[in-house]
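Notes follow the structure.
The values are calculated or read from the model by the stated rules, or taken from the named source; none is laboratory data. No experiment lies behind these values; they were computed from the predicted model shown. All Cβ positions, even for glycine, are placed from backbone atoms using ideal geometry, and neighbour counts span all protein chains on display. With ligands, DNA and RNA removed, areas are computed over all heavy atoms of the protein, side chains included. Shrake-Rupley method; radii C 1.70, N 1.55, O 1.52, S 1.80 Å.
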Amino acid sequence: MANIGFVGLGVMGGQMVSRLLAKGHSVTGYNRTRSKAEWLIKEGMKWGDSPGAVCEAAEVTFSMVTNSAALREVADGPNGMLHGLGKGKFLADMSTVSPAVSRHLAEKVREKGADMVDAPVSGSVLTLQQGKLSVMVGGRAETFEHLKPLMLDIGPKVTHVGDNGLALVMKIASNLSLAVQMLAFSEGILLAEKSGIKRETAVDVLCHTAIASPMVQYRGPFVLQMPDEAWFNVNMMQKDMLLALELGRQVDVPLPTTSAANEYLTAARAMGFAEEDFAVIFKVLAAMSGVTK
């Protein structure tokens, strides 16, 4: 059993800590808003007063924050993670951020005598709870092998994809399809509905056809009833789409469907849906189609 730290206890991070505790690991955690971590403290998680304190208390620290700016803050800020890292320690950042930002942080971590991997995940709260989450890892092969057993306690599929930053490239390449698929699914539902098929029937049929990816199966029903709490909101989804578009320009890969889906996310924000799950792009397209319910 390992002595683990975890910085960032949001919806996904908190569920990961719960799984690690259930596996018998000792976990010290930190979140900007402590109240969101109280349920984990009741499960046995120790509280760290700062990101630096978490890293100081742990051999391996996982971090999962919202974006590149948030990662810089918890790493470089007063009492940040870098202050608690040293020889023999490891940082596995699971945030979806700019590959360049992640590589720069890895250099700073190594200056401290520690090592770092980027380890973003593919899946949702549901797949995490079901034990089906997959983890992509970028960094030194020997560090990957050392951390792999811990990551397997989070999800059953852990893949080393190459050097630092490349797991983030893989995650961005994966995530762009989420919004694209949701937009295409919404088009199909509305085409069926406006032709006279009940929305519930169209959702049931499409969720049991060849186009029913795991994402469509668990998020498709959201067009019938949006969740009370967003699994992955519009702002977060658009952050990933913009990362994809930036990377596309850098490596000269046109991303036409990504660009189109991104515009619907912009429209969703303009309509006041920024904090809704990104499946709300169905409502955007529905409004454009004259469907008001």
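Overview of values
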item: Euclidean distance of C-alpha centroids, region 134-207 and region 119-133, integer Å; result: 9 Å
item: Table column - 3J(HN,Hα) (Hz), region 224-235, Karplus curve with 6.51, -1.76, 1.60, x for Gly and Pro; result: 8, 8, 5, x, 5, 10, 4, 6, 7, 7, 4, 4
item: 0 to 90° range, to nearest 10: angle between helix 166-194 axis and the chain longest Cα axis; result: 20 degrees
item: Karplus-derived 3J(HN,Hα), 6.51/-1.76/1.60, for each residue of region 22-29, Hz, glycine and proline x; result: 5, 7, x, 6, 8, 10, 10, x
item: Listed residue pairs exceeding 21 Å between alpha carbons, taken from Lys157/Lys239; Lys132/Lys171; Lys87/Lys108; Lys198/Lys293; result: Lys157/Lys239
item: Rounded, prolate or oblate (a/c below 1.5 giving rounded, otherwise prolate when a/b exceeds b/c) for region 110-178 by Cα gyration tensor; result: oblate
item: Additional length obtainable on full extension of the chain from Lys87 to Asp252, 0.36 nm per residue less Cα span; result: 55.5 nm
item: Inter-part distance where region 23-50 and region 58-107 are each reduced to a Cα centre, Å; result: 18 Å
item: Karplus (6.51, -1.76, 1.60) ³J(HN,Hα), θ = phi - 60°, over region 131-147, in Hz, Gly and Pro reported as x; result: x, 10, 5, 10, 10, 9, 10, x, x, 5, 4, 5, 5, 4, 4, 5, 8
item: Trypsin sites (Lys or Arg not before Pro) within region 120-193, DSSP loop, no more than 13 other Cβ atoms inside 10 Å; result: none
item: Longest exposed-site-free window of the chain, the sites being GluC sites (Glu not before Pro) in a DSSP loop that have at most 16 other C-beta atoms within 10 Å; result: 60-228
item: Distant-in-sequence amide H partners of Leu9 (H built 1.01 Å from N, under 5 Å); result: Arg32
item: Amide H contacts under 5 Å for Phe232, placed H, 5+ residues apart; result: Phe278
item: GNM result for the chain, Cα springs below 10 Å: residue of Thr28, Thr209, Thr127 fluctuating most strongly; result: Thr209
item: Amide H partners (placed H, <5 Å) of Val158, local residues excluded; result: Val135
item: Ala287-Lys42 FRET efficiency (beta carbon distance; Förster radius 45 Å; 0.05 resolution); result: 0.60
item: Length released on extending from Arg269 to Asp204, taking residue separation times 0.36 nm less the Cα-Cα span; result: 20.6 nm
item: Heavy-atom accessible surface of the chain: percent carbon and sulfur, 1.4 Å; result: 54 percent
item: Ellipticity estimate at 222 nm from DSSP helix runs (n ≥ 4, -39,500 (n - 2.57)) divided over the chain, nearest 500; result: -15500 deg cm²/dmol
item: For the chain, accessible area per residue (1.4 Å probe, heavy atoms of protein chains only), Å²; result: 46 Å²
item: GNM flexibility winner over the chain from Asp228, Asp115, Asp49 (Cα, springs under 10 Å); result: Asp228
